[in-house]
Amino acid sequence: MSAPVPTGSSADSVASNPSQPAAAAAAPAALDAPRREPPAATTGAAQLAGQSLTSDREDTKKRVLAALRRFPDFPIPGIQFIDILPIFQDPKIFDALLQVLEAEIRETLGAIPDVIVGLDARGFLFGPSLALRLGCSFVPVRKKGKMPGPCMTASYEKEYGADYFQMQSDAIKPGQKVLVVDDIIATGGSAAAAASLVNQLGGNLVGYLFMIEIGFLKGRDKLGDVPVIALVDSD
Ligand SMILES: O=P(O)(O)OC[C@H]1O[C@H](OP(=O)(O)OP(=O)(O)O)[C@H](O)[C@@H]1O
Ligand SMILES: Nc1ncnc2[nH]cnc12
């Protein structure tokens, strides 16, 4: 059942799976190049650049948290609804968000997925943009009855109700690496249903990505043993 979301927006935690390898970005050195330490000035510059990337990322998380609006008792009594739409009204925040999400995917997965699966409807707001940045496909999971042709269906329960998700039966090729993307993970019911559809289609689920995690609902416990990236925790 539902519990109200705390009103505070203090923490800005990344909930990446720490067991995953970071993407090694450095290009391999030429085989016949002599080995030598980089000059101290280069090391210092690289460190500064790294620090600046980290602080940019923390800054983006703070801006995302600050942009959220909270509405009590929507869509039903007892739910505090987190409204993400202001993020998309500000192109600077939206762009910074995409940049950080892309970096989180590259670092956590260490590879680019073949397909981003976005969940109806708010996963459609940024899933296709992320797919373009990564150079991978975008495939939607939609609420039942919206798509033509043969579809697979999964029922699920979420924080404020129950519903059915569908995917077109040929949307994913067997073995494709799939990342499930959505705006918010609350109870995890929606994301778990999307994962079951991906599995039914023969996809290889490599992880999940959320902008926001409502941590106290412990939705990630439903998601099994793949990396779960959540940019900020709303608790
Ligand atoms: O973790 P859960 O408890 O499953 O809840 C999370 C889901 O709920 C919201 O979608 P909603 O079904 O309200 O659809 P919408 O995007 O069309 O508003 C949200 O966008 C997630 O998809
Ligand atoms: N509290 C919440 N706010 C916004 N979207 C949600 N989806 C599930 N729970 C939600």
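Tabulated data for the structure shown
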{"quantity": "Every pair of residues 6+ apart whose Cβ atoms lie under 8 Å, when the first sits in the range 54-80 and is surrounded by 13 or more Cβ atoms within 10 Å (Cβ to Cβ) while the second is part of a helix (DSSP H, G or I) and among the small types (Gly, Ala, Ser)", "calculated": "56/96; 57/103; 59/96; 60/96; 63/96"}
{"quantity": "Lone unmet requirement of (1) under 13 Å from the mean Cα position of the chain (by Cα); (2) assigned to a loop (DSSP other than H, G, I, E, B); (3) of a type in the set (Asp, Glu) for residue 182", "calculated": "(2)"}
{"quantity": "Counted residues, the range 185-211 - those being open to solvent by less than 20 Å² (accessible area, probe 1.4 Å), near ligand 1 (Cβ under 9 Å from one of its atoms), outside any helix (DSSP H, G or I) and not aromatic (Phe, Trp, Tyr)", "calculated": "3"}
{"quantity": "Answer residue from the range 158-184, given it is surrounded by 15 or more Cβ atoms within 10 Å (Cβ to Cβ), within 12 Å of ligand 2 (Cβ to nearest atom) and not aliphatic (A, V, I, L, M) and is nearest to residue 97 (Cα to Cα) among those", "calculated": "183"}
{"quantity": "Residues that are of a type in the set (Phe, Trp, Tyr) and in a loop (DSSP other than H, G, I, E, B), drawn from the range 104-126", "calculated": "126"}
{"quantity": "Where a residue in the range 108-125 is open to solvent by 10 Å² or more (accessible area, probe 1.4 Å) and its partner, wherever it lies, is within 12 Å of ligand 2 (Cβ to nearest atom), with Cβ under 6 Å and at least six apart", "calculated": "122/183"}
{"quantity": "Number of the exception - residue 229 against (1) more than 23 Å from residue 93 (Cβ to Cβ); (2) more than 14 Å from ligand 1 (Cβ to nearest atom)", "calculated": "(1)"}
{"quantity": "Filter result (more than 16 Å from ligand 2 (Cβ to nearest atom) and of a type in the set (S, T, N, Q)) within the range 75-124", "calculated": "89, 99, 108"}
{"quantity": "Residue pairs meeting the criteria (Cβ under 8 Å; at least 6 apart or on separate chains; first under 15 Å from residue 169 (Cα atoms), in the range 190-219; second open to solvent by less than 30 Å² (accessible area, probe 1.4 Å) and polar (S, T, N, Q))", "calculated": "197/166"}
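The values are calculated or read from the model by the stated rules, or taken from the named source; none is laboratory data. This is a predicted model, so every value here is computed, not measured. Ideal geometry is used to build each Cβ from the backbone, glycine not excepted, and the neighbour counts take in all protein chains shown. Surface accessibility is based on the protein's heavy atoms, side chains included, excluding ligands, DNA and RNA. Shrake-Rupley method; radii C 1.70, N 1.55, O 1.52, S 1.80 Å.
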